[in-house]
Structure formats: structure tokens, C-alpha cells
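First comes the structure, then the notes that go with it.
The values are calculated or read from the model by the stated rules, or taken from the named source; none is laboratory data. None of these values were measured; they are calculated from a predicted model. Backbone-built Cβ (ideal geometry, glycine too); neighbour counts: all protein chains shown.
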Amino acid sequence: MSSGSELTGVAGWAVNLMETLGGPGAGLAIALENLFPPLPSEIILPLAGFTASQGSFSLAGAIFWTTLGSVVGALALYGLGVALGRQRLRAIWARMPLTNLNDLDRTEAWFEKHGRKAVFFGRMIPIFRSLISIPAGVEKMSIVTFTLLTTAGSLIWNTIFVLAGFYLGERWTEVEAYTGVFQKIVIVVVVGLFAWWLINRLRNPEPKITGRAL
């Protein structure tokens, strides 16, 4: 097996954690990935499958612990959203340049209508995997509903990547190549949408609606 000492960066750190703590180490790595999105699940999850294939823990254990880690990390960010609260968010938003409370109202209305789908499918989209938990907390989505949707979405995403790493073995890095392309596409789309919004806002500024900080 390629031990953690033979790997560098995030990969080496993740393998060392898994070899030291076993399945819970894989869960801890994914929980941290939720809290710190720069840690890529697209590397950690295949590595968990690869490590499982070497006998450090079972395949079922890899899927269980990584899914548990996903839920724990998501709940932490959900709690951050609850602590921030709707009124505090509106007060902060009202003070930001180029923003308007009407934008936030539309966003809240969209989340109220599509929030369940956003939480479920958001668990399978790079970057949004972590961020979607915060508005769910701000909007005080039922924690039971949030946990169930997060568990279901994470289970699907994690299982795909853990299985890929398990069966590819030493070739687990092939997973990273494909997901890297997917992640770049997501980033380009997000940047494009932001640029479109910014250009429209600069061309057609709306009167600033202020909110009262509570």
C-alpha cells in the first residue's frame, strides 16, 4: 500500500489520519472538509475507499464514517446559520455595497420554495456542499428535515467516490482528474453568474433599501 508517508499534501494528511484512527479518521477528514471547503472531498473520499481496500477498515465502514462526518460538518454550519439569524443577516446585507434587501427577499423566497431540493442536490455539487448548510440554518429549516436530506445526499455522493477509490486501488487518482474538470465547470458557471449580476447591478442600480439592525 502507498502509505501516507509516500503521499504529500492533503492526500498524505488524509491517509495518515485514516491509518492512525481507522474509519473515524475518514469521518473526521470529511467533517473538516465540510467546515473548510478548500479541503477537497474529491480527494479524501477516493482515498478512504483506497485505504479500505488495503484492509485498514471495511468498505461499509468507509461509507458509514464519511457520511457521518458529512452530516456532523453540515450540522455545524447549520448551527452557524441559526446563530447568525435572519435579522442579523439582513442588517449585514443592508450595509454591503451593490446589494439591496429586495435581492435577499427574493433569495429567501426561492429557498423557501426550493430549499429541500437545494439541500439534497447541493450535497453533490462542489463548493455548495458546505455553503448550502448556512442558509438552511438562517431560514431555520427543520433540523430533522435538514439532517435527513443531508444524510441522503451525502450518502449518494460519498458512496460513489468511496467505491471508485476502493475498486480503482492504486489508480484512485483517476477519480480526481474527472472531478477536477467538473469542479472547474461549476466555478466557471458561478463566476459567470456573478459577473452577469454585477454588470446588471452597475448598469441598473436600485434604490438602497436599508434595514434596521436588531
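Criterion first (acidic (Asp, Glu) and closer than 19 Å to Phe120 by Cα) does Glu42 satisfy it?
So Glu42 passes the test.
So if I check each of Gly23, Gly61, Gly12, which one is at pLDDT below 85, among the small types (Gly, Ala, Ser) and surrounded by fewer than 24 Cβ atoms within 10 Å (Cβ to Cβ)?
Gly12
Name the residue that is nearest to the chain's Cα centre (by Cα), counting only residues in the range 47-73 that are part of a helix (DSSP H, G or I) and among the hydroxyl-bearing types (Ser, Thr, Tyr).
Ser70
Anything in the range 118-134 that is surrounded by fewer than 22 Cβ atoms within 10 Å (Cβ to Cβ) and free of Cβ contacts under 8 Å to residues at least 60 places away in the same chain? List them, or say none.
Passing the criteria: Ala118, Phe120, Phe121, Met124, Phe128, Ile134.
Could you name every one of the helices (runs of 4 or more DSSP H) located completely within the range 95-214 that has at least 1 residues being at pLDDT below 60?
Those helices (runs of 4 or more DSSP H) span 173-203.
So that you can scan it fast, the table gives a plain yes or no per residue for (1) modelled with pLDDT under 75; (2) closer than 15 Å to Ser70 by Cα; (3) surrounded by fewer than 23 Cβ atoms within 10 Å (Cβ to Cβ):
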{"position": "Glu6", "(1), (2), (3)": "yes, no, yes"}
{"position": "Asn16", "(1), (2), (3)": "no, no, yes"}
{"position": "Glu19", "(1), (2), (3)": "no, no, yes"}
{"position": "Pro37", "(1), (2), (3)": "yes, yes, yes"}
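Return yes when Phe50 is modelled with pLDDT under 90, in contact with a Leu (Cβ under 9 Å, 6 or more places away or on another chain) and aromatic (Phe, Trp, Tyr) and no when it is not.
Considered against the rule, which asks whether it is modelled with pLDDT under 90, in contact with a Leu (Cβ under 9 Å, 6 or more places away or on another chain) and aromatic (Phe, Trp, Tyr), Phe50 comes out as yes.
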